[in-house]
Each structure stands twice: as structure tokens, then as C-alpha cells.
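Beneath this line is the structure, given in C-alpha cells, with notes to follow.
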Amino acid sequence: MIILTGDVYHAIAQHAEEIYPNECVGLLLGRITGMRTEVEDVFPAPNRWTAEVGLTPTDADHSQRDRFYLDPRDYLRADRVANARGLDVVGCYHSHPDHLAVPSPRDLMGAQAIGSGSRFVFLIQSVHRGRAAELTAWLLVDDGARFVAEEMR
Amino acid sequence: MPVTVTIPTALRQYAGGHASITLPAGSAGQILATLREQYPQLGKQLYNDQGALRSFVNVYVGDEDIRHLQGVETPVADGETVSIIPAIAGGVLDGAR
Ligand SMILES: [Zn+2]
């Protein structure tokens, strides 16, 4: 179960609309207690995707409209902010401009540094014609082989 | 004062649930090797079958990636922090819109 508290839902929607038509990315700060992941705040990060961080050679044909990269430096900054507040980085989010809020095969490939089988959550915000639409939650399972949808409220 | 190694949230399950682990000072490579010995399951998450750090797994000493320092030879003194930090990437596929 994923629980979004306070302004989190709105903050993600707003970030995704602001960055549209590009993909936005950020981290989620909160607490994991047993099977519950409670998200208390967001840490919006810059999308630092360039062709150099591409996962495949054909990435040169792409842009931040259909690619995102969360730099480890931004993760480290978020981690320090979280720790100072007694929280942890408990997940990440990114947007799908004019695309359904389901993880792509590339999202799966790019999640491989995150251990599977944990309560670390991946949120996907779809944006249709500049307006935030559906927000969905996913967990990485089976040794990183797939995402499963997770209940969220 | 030993070295502190911080473990990212999603990998703590492979490190006895610890958020950080204290180890003796040494090179980054020595510290990572000790970490792998103590937590083999964590080692499998950090390294590929060829024994190299997985892409998107990053090791920082203080504020700097060891790839921009002296790699595994980077000295880590008492009181310093080694951070294991994931990068995350993705994107919608061609024609999937
Ligand atoms: Zn995606």
C-alpha cells in the first residue's frame, strides 16, 4: 500500500505539467513501515537526460520528450534532505507526456540499480495535452524482471 | 573513527536492513570488497557477473563519484562517508504513444 500524504499528489501533477512536453522526474521522501510506503514530500529533480547517458546507441534519436535520467548527484542531494528531516528516499516519479501511465520496457531497464522486492515505489504521472491525468504506482519484483501495480491512496 | 557506508533504501533488505554500515578506512575498493564479503546478497545487486559495478550503480566518496577520483584506488579516510547511489532512467518507447 502506497499512501500519499499532504500535497504530494498535487506537487507531482504540477511538476509534470510544468515540464510538459518533456518528461519530468523526481524523488519521493517518506517512510517505509512494513508493507506501507508513506510519501510525505517530493524532491523535484532536473531531467538530465542527454544522448551520452543513453542505454542504447539509438538513443541519439531521442530527446527529453521521451527520455529521462535522474542523476545520482540529485539522488544524493535528496537523500541528504530526507535524512535531515528523519525521512528516507522511498521512491521516484516521472511523467509520461501524452502516453498511458504504465511503465515502459525502458523504464524497467533504467530501474536496475534499484533493488527489486522492496517497498521502493515508482510513480508514473500521465499528462494529456499539457494537463495532468492519471497517477499510478508500481513496485519492482522478480529480481527486476517486471513491475507490478500497487494500491495507492 | 571508521568509515560510514550508506545503503540506498531499496538495497537495505540485502544489507541486514541497515541504512549505513561502519567499516575500517582503506581504499574504496577495499571497503567495497569488505562490504561484499559481509553481505554477499548486496554484492550481487551491486556487481554484474563480470565483477564490474553495474551501470547505474554509483559509488561516491563525500560529494564525488569515485569514477572521477581514483576509482577503486580512491583513499577513504576515517570519518569520511562512502555513498552507494543509484541512477534511474527510462522513457516511453518509439511508436508506443
Ligand atoms: Zn516511463
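The values are calculated or read from the model by the stated rules, or taken from the named source; none is laboratory data. Remember, predicted model here, so these are calculated numbers, not experimental data. Please note: Cβ atoms are built from the backbone with ideal geometry, for glycine as well, and neighbour counts cover all protein chains shown.
Can you find a residue in segment B:47-58 that is away from the ligand (no atom under 16 Å from the Cβ), assigned to a strand (DSSP E or B), within 13 Å of another protein chain (Cβ to nearest Cβ) and buried (at least 21 other Cβ atoms within 10 Å of the Cβ)? Before the answer, list the steps.
Initially, segment B:47-58 is screened for residues away from the ligand (no atom under 16 Å from the Cβ), giving B:47-55, B:57-58.
If we keep only those that are assigned to a strand (DSSP E or B) too, we end up with B:47, B:53, B:57-58.
With within 13 Å of another protein chain (Cβ to nearest Cβ) added as a condition, the list becomes B:47, B:53, B:57-58.
So of that shortlist, the ones also buried (at least 21 other Cβ atoms within 10 Å of the Cβ) come out as B:57-58.
Scanning segment B:47-58 turns up at least one residue that is away from the ligand (no atom under 16 Å from the Cβ), assigned to a strand (DSSP E or B), within 13 Å of another protein chain (Cβ to nearest Cβ) and buried (at least 21 other Cβ atoms within 10 Å of the Cβ).
Can you name every residue in segment B:18-38 that is over 21 Å from A:ALA78 (Cβ atoms) and out of contact with any helix residue (DSSP H, G or I) (no Cβ under 6 Å at 6 or more places or on another chain)?
B:THR22, B:PRO24, B:ALA25, B:GLY26, B:GLN30, B:ILE31, B:LEU32, B:ALA33, B:THR34, B:LEU35, B:GLU37, B:GLN38
Would you say A:GLN112 is modelled with pLDDT of 95 or more and among the polar types (S, T, N, Q)?
No; evaluated as a whole, the condition is false for this residue.
Restricting attention to segment A:104-124, which residues are crowded, with 23+ Cβ neighbours inside 10 Å and more than 7 Å from chain B (Cβ to nearest Cβ)?
Correct list: A:VAL121, A:PHE122, A:LEU123, A:ILE124.
With under 16 Å from the mean Cα position of the chain (by Cα) and under 17 Å from A:TYR20 (Cα atoms) as the only criterion, which of A:VAL127, A:VAL148, A:VAL90 stands out?
After ruling out the rest, the residue left standing is A:VAL127.
Could you please tell me which pairs satisfy a Cβ distance under 7 Å, a separation of 6+ or placement on different chains, a first residue in segment A:138-150 that is under 14 Å from A:CYS92 (Cα atoms), and a second residue that is of a type in the set (S, T, N, Q)?
Within 7 Å, the pairs are A:LEU140/A:SER116.
For segment A:83-101, how many residues are facing chain B (nearest Cβ under 9 Å) and either free of Cβ contacts under 8 Å to residues at least 60 places away in the same chain or within 11 Å of the ligand (Cβ to nearest atom) (or both)?
Within segment A:83-101, the first condition is being facing chain B (nearest Cβ under 9 Å), and the residues that meet it are A:83, A:88-92, A:94, A:96-100.
Going one step further and asking which of them are either free of Cβ contacts under 8 Å to residues at least 60 places away in the same chain or within 11 Å of the ligand (Cβ to nearest atom) (or both), we end up with A:83, A:88, A:92, A:94, A:96-97, A:99-100.
Total satisfying the criteria: 8.
Hey, among A:ARG73, A:ARG67, A:ARG77, which residue is facing another protein chain (nearest Cβ under 10 Å), surrounded by fewer than 17 Cβ atoms within 10 Å (Cβ to Cβ) and either under 16 Å from the mean Cα position of the chain (by Cα) or not small (Gly, Ala, Ser) (or both)? Before the answer, list the steps.
Details: A:ARG73 fails: surrounded by fewer than 17 Cβ atoms within 10 Å (Cβ to Cβ); A:ARG67 fails: surrounded by fewer than 17 Cβ atoms within 10 Å (Cβ to Cβ).
Just one listed residue meets the conditions, A:ARG77.
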